Amino acid sequence: MKLIQCSRSFMMKMLFLGCIAGSAFYLYAYRGGATSGADFSFDNSPIDRSQGGSYAGMLEKAQQSVVSVYTAELVQYLRYGGSSRDDLLREFLGLPRSGRRGSSIETRKVPQGVGSGVIVDSNGYIITNDHVIANQQRGVADEILVRLSNGKEYKARVVGRDPKTDIAVLKVDARGLPVAKITDSEATKVGDVVFAIGNPMGVGLTVTSGIISAKNRNIGIYGAEGYENFIQTDASINPGNSGGALVDVRGRLIGINSAIMSRSGGNVGIGFAIPSRLAVDVSKQLIRDGKVQRRTVGVYISLLTGRQAKGLGVRENSVFIKGVVAGSSAEKAGIKAGDVVTKINGRAIEGLGSFRSSVAHLKKGERIEVMVVRGKKEFKLNLTVE
């Protein structure tokens with residue numbers, strides 16, 4: 001027995017010395033001190049991140065305001081005491097149990113989904129996607145858990161939902177949280193470098209990069225009653241990224257990642273984010289009123305593309321007025337069927353989603369300027385929302 005112990009002790013000492021020698025050799029070789037059949041060239045000088053060679057500093061700060069969102073469903077089931085062969089056979093044949101044993105109702109937590117969210121207020125308000133915390137079959141999840149970038153976890157409650165834009169606002173009981181810096185998504189341009197931050201596939205906070213591929217996309221994902229005006233990006237977005245942040249090169253929030261277009265269910269470089277202007281406007285109403293109120297100006301519209309736009313001498317994706325509701329704000333302002341709307345309050349209208357989003361959140365009594373083309377003339381009309 002003693003010999004075995006001594007041998008084991010000796011082997012352990014030799015193994016320990018061998019590890020030290022091996023580590024020393026590895027470091028010696030890695031630093032270029034060992035000769036080999038190939039001449040490796042090393043450069044271990046630090047990256048000068050102050051010269052624009054890295055976005056690490058910006059992203060480190062931007063990630064702090066992005067959270068992971070986990071949902072669960074509470075399922076109740078009837079538990080019978082014991083598990084005799086007789087009861088098992090009765091259950092298999094669809095017969096009632098013998099009743100010889102007691103039963104009880106138990107609740108089991110079933111994981112439902114994983115998503116992301118963005119902290120927009122230091123007192124715990126978080127923007128996410130409505131489809132992250134609810135679905136058409138089951139409604140709102142029974143439990144919602146939010147995990148911060150530092151690992152802290154909080155139970156969240158739903159402040160408000162707006163399925164027509166796929167925006168929801170959550171609230172956690174916390175103070176002094178890191179918040180996202182928000183910028184106007186209307187100022188972005190195709191070709192701008194962007195970063196998607198979220199929790200794809202539940203692996204944890206992840207950053208991917210790309211550019212803005214297109215703006216004002218309407219893909220019909222929310223149906224005829226929905227409001228879509230997506231920013232399209234090739235930054236990798238996967239299941240679990242929903243509700244996360246799309247930020248610019250300064251780390252400012254420009255969109256809420258929401259959807260992808262894919263045949264396989266994975267990323268193929270076609271992702272969509274809800275513009276920050278729309279997301280913030282909806283969220284403010286949900287926080288203030290718990291719901292979203294929308295206005296209409298009384299017009300029927302369609303999109304002008306390609307030949308239609310060229311024939312009328314207007315920009316592609318302008319909005320064509322098919323009809324005007326009698327007595328509406330539009331009629332009182334002088335808008336007529338056949339007009340083409342190109343701008344609202346000086347901002348270019350690019351698509352149906354852009355038009356609907358521009359007017360949906362106007363306030364009663366608000367006065368706006370509408371630029372229209374009629375025939376070959378372009379002029380401005382003043383419209384008061386009623």
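The values are calculated or read from the model by the stated rules, or taken from the named source; none is laboratory data. Just so we're clear, the structure is a prediction, and the values are computed from it rather than from any experiment. Every residue, glycine among them, receives a Cβ derived from its backbone with ideal geometry; neighbour counts consider all protein chains shown.
Checking the stretch 251-268 against the condition returns no match, with no residue being in contact with a helix residue (DSSP H, G or I) (Cβ under 7 Å, 6 or more places away or on another chain), hydrophobic (A, V, I, L, M, F, W, C) and not assigned by TED's automatic domain parsing to the domain that holds Gly202. Within the bounds of the stretch 302-312, is there any residue that is surrounded by 15 or more Cβ atoms within 10 Å (Cβ to Cβ), among the aliphatic types (A, V, I, L, M), part of a strand (DSSP E or B) and free of Cβ contacts under 8 Å to residues at least 24 places away in the same chain? For the stretch 302-312, residues surrounded by 15 or more Cβ atoms within 10 Å (Cβ to Cβ), among the aliphatic types (A, V, I, L, M), part of a strand (DSSP E or B) and free of Cβ contacts under 8 Å to residues at least 24 places away in the same chain: absent. The set of residues in the stretch 270-284 that are aliphatic (A, V, I, L, M) and under 10 Å from Phe230 (Cβ atoms) comprises Ala273, Ile274, Leu278. Given the condition part of a strand (DSSP E or B), more than 30 Å from Lys152 (Cβ to Cβ) and modelled with pLDDT under 65, answer yes or no: does some residue in the stretch 72-79 qualify? Checked the stretch 72-79: at least one residue is part of a strand (DSSP E or B), more than 30 Å from Lys152 (Cβ to Cβ) and modelled with pLDDT under 65. The residues of the stretch 341-385 that are assigned to a strand (DSSP E or B) and modelled with pLDDT under 85, listed by number, are Arg347, Ala348. Summed over the stretch 354-386, the residues that are closer than 30 Å to Ile167 by Cβ, of a type in the set (Lys, Arg) and surrounded by fewer than 18 Cβ atoms within 10 Å (Cβ to Cβ) give a count of 3. Candidates in the stretch 201-235 are the residues that are farther than 19 Å from Gly353 by Cβ and among the aliphatic types (A, V, I, L, M); of these, the one that is surrounded by the most Cβ atoms within 10 Å (Cβ to Cβ) is Ala235. Of all the residues in the stretch 126-145, those that are in contact with a strand residue (DSSP E or B) (Cβ under 6 Å, 6 or more places away or on another chain) and either crowded, with 23+ Cβ neighbours inside 10 Å or part of a loop (DSSP other than H, G, I, E, B) (or both) number 10. Starting from residues that are surrounded by 24 or more Cβ atoms within 10 Å (Cβ to Cβ) and aliphatic (A, V, I, L, M), keep the ones in the stretch 236-268 and report whichever is farthest from Glu186 (Cα to Cα). My answer is Ile237. Among the residues of the stretch 172-211, which ones are modelled with pLDDT of 95 or more, within 15 Å of the chain's Cα centre (by Cα) and either under 30 Å from Arg347 (Cα atoms) or β-branched (Val, Ile, Thr) (or both)? Result: Ala180, Ile182, Val194, Phe195, Ala196, Ile197, Thr206, Val207, Thr208, Ser209. Could you count how many residues in the stretch 316-331 are of a type in the set (Ser, Thr, Tyr) and either closer than 20 Å to Lys364 by Cβ or modelled with pLDDT of 90 or more (or both)? Number satisfying all stated conditions: 2.
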